[in-house]
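The values are calculated or read from the model by the stated rules, or taken from the named source; none is laboratory data. Please read all numbers here as calculations on a predicted model, not as lab measurements. Positions of Cβ are generated from backbone atoms using ideal geometry, with glycine treated the same way; all protein chains shown enter the neighbour counts.
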Amino acid sequence: MSRSKWSTESRHARGYGAEWDKLRLLVLERDGHLCQCQHCKAEGRVTLATEVDHVVSRARATALGWSKARTEDPSNLQAINSDCHVRKTQEEQGKTVKPKIGLDGWAIV
Ligand SMILES: [Zn+2]
């Protein structure tokens, strides 16, 4: 587990990219690549997570006066499924989420 001295700077030219990638992987691995959203947790669903979400959203954290370090800390990050991420973001924005209805009249989950 030695840290490679090879620079990855050429791949992630500057700034946010490389740092976020590292943080993202850390959080995904910590959470076992499983969605940690409240819906999946409440229903005991096992959903593959490919994205990382802010538990307290950036907008909310800013409103609360949180520092960037606190907002971007792993303790405020969770692994999340991309569909759940969309849903959570919509909920945070106060939109009602309409389920998609299939041709047979049942909601598509
Ligand atoms: Zn979920």
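Suppose we keep only residues that are outside any helix (DSSP H, G or I) and not charged (D, E, K, R) within the stretch 28-38. Which one would you say is surrounded by the most Cβ atoms within 10 Å (Cβ to Cβ)? Only one residue tops the list, namely C35. Filtering the stretch 65-80 to residues that are surrounded by 13 or more Cβ atoms within 10 Å (Cβ to Cβ) and among the aliphatic types (A, V, I, L, M) leaves L77, A79, I80. Residues in the stretch 22-55 that are over 11 Å from the mean Cα position of the chain (by Cα) and of a type in the set (V, I, T) were compared, and the one that is nearest to Q93 (Cα to Cα) is T47.
Residue-by-condition table, conditions (1) part of a helix (DSSP H, G or I); (2) among the β-branched types (V, I, T); (3) within 12 Å of the ligand (Cβ to nearest atom); (4) modelled with pLDDT of 90 or more:
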| residue | (1), (2), (3), (4) |
| --- | --- |
| H12 | no, no, no, no |
| G17 | yes, no, no, no |
| W20 | yes, no, no, no |
| L23 | yes, no, no, yes |
| L26 | yes, no, no, yes |
| C40 | yes, no, yes, yes |
| V52 | no, yes, no, yes |
| V56 | no, yes, no, yes |
| A61 | yes, no, no, yes |
